[in-house]
Amino acid sequence: MPGALWSLSNLDAYRVKEGFDDVGRVVVAVDPAVTATEASDEHGIIVAGLADDKRGVVLEDGSIQGSPNDWARRVVSLYREWSADCVVIEVNQGGDMVAHTIRTIDPNVKIKEVRATRGKHVRAEPSASLYEQGRVTHVGVFNELEAQMCMMTSHGYEGEGSPDRVDALVWALTDLFPSMVKPVADPSRFAIPKAKGWMR
């Protein structure tokens, strides 16, 4: 795809067949779909970790279709299976209900809420740059995820439906590599002070 942020050749260059024994911090990231019908987009669910050499490691694509209860059970199951540090959830669409749905399954899951303020392709660019630098490895092949990745371009997503798996991947890597996300400047720093004295 012209202008794609990822290519299969780049993904293959750093792919490994077996897992890492030195993965430290692990997160489960979820991008829940708005609806839960047969025609709905999938709920993007990605497990990723940070190896001792500071390399990101994509461990599992657990994305599914189904009800809120279905994806919440899948998330909690992966959280326990991988002994994850937290679940990263996008709350733009579901708000507090996203965290509430997970906590109905397990109230002890540590949740980190994130909110999208930029377009999907803009959010994905820092993650794509990590791949270009060889700082992210896929353990095995994730066909559906990688197909979506190769359809994400600098102008937007060129595939069908929603890039749910890519969204979850980006949230996972953003949490694992917080320094790659520039903080939003405090607008109050640029406010013009009120004039004093006779100029008020």
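The values are calculated or read from the model by the stated rules, or taken from the named source; none is laboratory data. Computed from a predicted model, the values in this text were never measured in an experiment. So basically every Cβ, Gly included, is an ideal-geometry build from the backbone, and we count neighbours across all protein chains shown. Keep in mind that these areas ignore ligands, DNA and RNA; they rest on the heavy atoms of the full protein, side chains included. Shrake-Rupley method; radii C 1.70, N 1.55, O 1.52, S 1.80 Å.
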E125 versus S67: modelled label distance in nm, points set 7 Å from Cα along the beta carbon direction: 4.2 nm
Residue (of F142, I46, L130) at the positive-pole extreme of the stretch 1-147, dipole from beta-carbon charges: L130
Exposure of I102 as accessible area (Å², to 10), given a probe of 1.4 Å and all protein chains: 0 Å²
